[in-house]
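Structure, as structure tokens:
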Amino acid sequence: MFRDASIKPGHSWANEITAAIEEAMTRGFVLVLLSKRAIESPYLAHEIQYALDKAASSDRSAIIPVIVDDAQFVYTSLPPGLPTGSGAI
């Protein structure tokens, strides 16, 4: 399990997060924990899009969204342009 709190000072956030997504893809899936706090992150859409792009090029990877608090807020607050239909995130 990857937590951004595990990124050490001086390490590249982008590199650490993309490496964690790639590692999760090798295991077959990425769980995306969606919370009010996560949705407010300016990086969430980029991270999810990266995971979606990786999943599209793999025959055994899936993106599984898990809403961990106010579901209505999370769903209506997803970043613009992010797929929300069947089979998307």
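Placing dummy labels 7 Å off each Cα toward the beta-carbon, the span from Ile67 to Phe29 is 1.8 nm. The string of couplings for the stretch 14-26 from the Karplus curve (6.51, -1.76, 1.60, θ = phi - 60°) is 4, 5, 5, 5, 5, 5, 5, 5, 4, 5, 4, 4, 5 Hz, one whole number per residue in order, with x for Gly and Pro.
Between Glu22 and Ala45, the FRET efficiency from the beta-carbon distance, with R0 = 22 Å, is close to 0.75. Taking Lys and Arg as +1 and Asp and Glu as -1, the other residues whose beta-carbon sits under 15 Å from that of Arg60 total -1. Residues whose amide H comes within less than 5 Å of that of Phe29, counting only those at least five positions distant or on another chain, are Ala62 (H built at 1.01 Å from N in the peptide plane).
Rule-based calculations on the coordinates, nothing more; no lab input. Predicted, not measured: the structure shown is a model, and the values here were computed from it. Positions of Cβ are backbone-derived with ideal geometry, glycine not excepted, and every protein chain shown enters the neighbour counts.
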